[in-house]
Amino acid sequence: MTQPEFGATPWGRAWVRAVESTAVTRPNPLLPKARSLARNNAVTDLRAETGSVTATVSGHTVHIGLPLWTDVPDGLVADHTGDLPDELADSIDIAVPLADQHTECACRTRNPHCAHVLATLYALSQRVDERPVLAAALRYPLTEPTDPDWIPLTEIGVAGFYGD
Ligand SMILES: [Zn+2]
């Protein structure tokens with residue numbers, strides 16, 4: 001079986017599920033378009049920060065605001081590669097439901113989840129698949145996010161990392 005294009009990890013998959021919740025009751029024709037935009041590198045300048053994701057999609061500036069966690073969920077730790085423990089993915093509310101996102105797009109559609117916003121979220125899910133700890137960094141200001149060797153979050157996390 002080949003790896004899925006979006007959602008290769010449980011953490012990226014949580015984000016894909018949030019995006020595709022728009023298609024639960026009826027097909028959302030914007031989803032295939034959004035996947036195509038993400039697949040064909042139409043999402044550029046993707047910046048993912050705590051509480052904020054920005055990108056340019058087909059020339060439209062997209063901004064997505066995300067609510068933050070008040071604290072890091074219990075047991076959530078990252079290893080030095082930026083991976084998170086897969087078994088926690090279903091118990092932690094890692095992705096933000098579309099209804100809780102504050103979205104803005106420079107295109108003219110009145111749909112707050114236009115193809116550009118959805119494409120940005122698909123591209124974001126791929127970033128999360130590459131480095132799952134990003135999913136936590138989106139929701140909580142982790143320390144030293146630019147250091148590739150950082151061990152995030154809490155002292156409990158550090159203890160877990162060293163094998164206690
Ligand atoms: Zn748009």
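Based on alpha-carbon atoms only, what is the radius of gyration of the chain relative to the globular estimate 2.2 N^0.38 Å? Don't skip to the end; give the middle numbers.
On the way: Rg = 15.9 Å, N = 164, 2.2 N^0.38 = 15.3 Å.
Ratio of Cα Rg to 2.2 N^0.38 Å: 1.04.
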With +1 on the Cβ of every Lys and Arg and -1 on the Cβ of every Asp and Glu, and nothing else charged, how large is the dipole of the chain about its Cα centre, in debye rounded to the nearest 20? 1280
Candidates Ala55, Ala136, Ala23: whichever shows maximal mean-square fluctuation once the chain is modelled as a Gaussian network with Cα springs under 10 Å: Ala23
Length released on extending from Arg26 to Ala99, taking residue separation times 0.36 nm less the Cα-Cα span: 24.6 nm
Towards the positive end of the charge dipole of the chain, with charges on Cβ (+1 Lys, Arg; -1 Asp, Glu), say which of Thr25, Ala78, Pro141 has the farthest Cα. Thr25
Suppose each label sits 7 Å from its Cα in the direction of the beta carbon; what would the Glu49-Asp71 distance come out to in nanometres? 2.7
With the cut-off at 1.5 for a/c, could you classify the range 1-64 from its C-alpha gyration tensor as rounded, prolate or oblate? rounded
In a shell of Cβ-Cβ distance under 9 Å around Gly82, excluding Gly82 itself, what net charge do Lys and Arg (+1) and Asp and Glu (-1) give? -2
Just to be sure I understand: with springs between alpha-carbon atoms less than 10 Å apart, which residue in Thr103, Thr56, Thr25 has the highest mean-square fluctuation in the Gaussian network model of the chain? Thr25
Between Leu88 and Arg39, what is the spin-label point distance in nm, taking each point 7 Å from the Cα along the Cα→C-beta axis? 3.3
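On full extension of the chain, what length is gained from Cys107 through Glu130, given 0.36 nm per residue of separation minus the C-alpha to C-alpha distance? Mind showing how you got there, number by number?
Numbers: separation 23, 0.36 × 23 = 8.28 nm, distance 2.88 nm.
Additional length available on full extension: 5.4 nm.
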Net charge of neighbours whose Cβ lies under 10 Å from the Cβ of Glu5, counting Lys and Arg as +1 and Asp and Glu as -1: +1
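What is the local net charge at Pro73, summed over the other residues whose Cβ is closer than 14 Å to its Cβ (Lys, Arg +1; Asp, Glu -1)? Each step should come with its number before you reach the end.
Working: positive: Arg139; negative: Asp71, Asp74, Glu87, Asp90, Asp93.
Around Pro73, the surrounding residues sum to -4.
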With -39,500 (n - 2.57) per DSSP H segment of 4 or more residues and division by the full residue count of the chain, the 222 nm estimate, nearest 500 deg cm²/dmol, is -8500 deg cm²/dmol
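Taken together, the values in this text are just the output of simple stated rules run on the coordinates, not laboratory data. Computed from a predicted structure; not experimentally measured. Cβ sites come from the backbone with ideal geometry, for glycine too, and all protein chains shown count toward neighbours.
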